[in-house]
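Structure first, commentary second.
The values are calculated or read from the model by the stated rules, or taken from the named source; none is laboratory data. None of these values were measured; they are calculated from a predicted model. We place every Cβ from the backbone using ideal geometry, glycine too, and count neighbours over all the protein chains shown. Side chains are part of the model used for accessible areas, which takes the heavy atoms of the whole protein and leaves out ligands, DNA and RNA. Shrake-Rupley method; radii C 1.70, N 1.55, O 1.52, S 1.80 Å.
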Amino acid sequence: VFVNFVDHGGVNIIGFPRTTMHARDLVAALTKMHSAGMYKELVFYLEACESGSMFTSLPADISVYATTAANAHESSWGTYCMPEDKVEGKHIGSCLGDLYSVTWMEDTDNQSPAAASETIETQTERVKRLVTKSHVQVFGDTTISSELITNFEGDTDSAGQLDTSLAPMIARAAPQRDAAIRSNDAALASAYFR
């Protein structure tokens, strides 16, 4: 199972549109899922400020590998922010992504079709190296990291090859690390830019 969660966060909480979830509740849910045999292995990518605080009590024996955008006491960072926030020539007025998620997704796209041989560990190390504004963290069962990304994110053989019409855009689309903004400051930056 692959989970990619992207939203706002704080120390020991992650946000949903109308509520929050505490770290103890997330770990309890994963532990209960493991006990009920709801997955063989689970890889969890979490993008949120202070996201590293969500897995500090994650047991290593429940077959969950988790990686987060930031440590327990720092912001994550938006990217493709003003003025690089154009879609079809129009400014959106917001960051188009976050540095951590954009980095791992672009890594996956850029590895296709070679992604069939890229491990989770290789991707995690690349993301750690490229995300320099926050500290990417790893938790849980690290033996899972030796497995192929395609075991969790999808298999290019069965899903089809990357759309070649997107290749020029992907080649140009390196995360805008110089234009990155602390996620907590994105709304203010957008207002300032307007």
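Points to keep in mind about this one:
- Flag if Glu84 is out of contact with any Gly (no Cβ under 9 Å at 6 or more places or on another chain) and open to solvent by 20 Å² or more (accessible area, probe 1.4 Å): yes
- Hits in segment 131-167 (condition: modelled with pLDDT under 95, surrounded by 12 or more Cβ atoms within 10 Å (Cβ to Cβ) and in a helix (DSSP H, G or I)): Thr150, Asn151, Phe152, Glu153, Thr156, Ala167
- Complete set of residues in segment 5-61 that are charged (D, E, K, R) and open to solvent by 10 Å² or more (accessible area, probe 1.4 Å): Asp7, Arg18, Arg24, Asp25, Lys32, Lys40, Glu41, Glu50, Asp61
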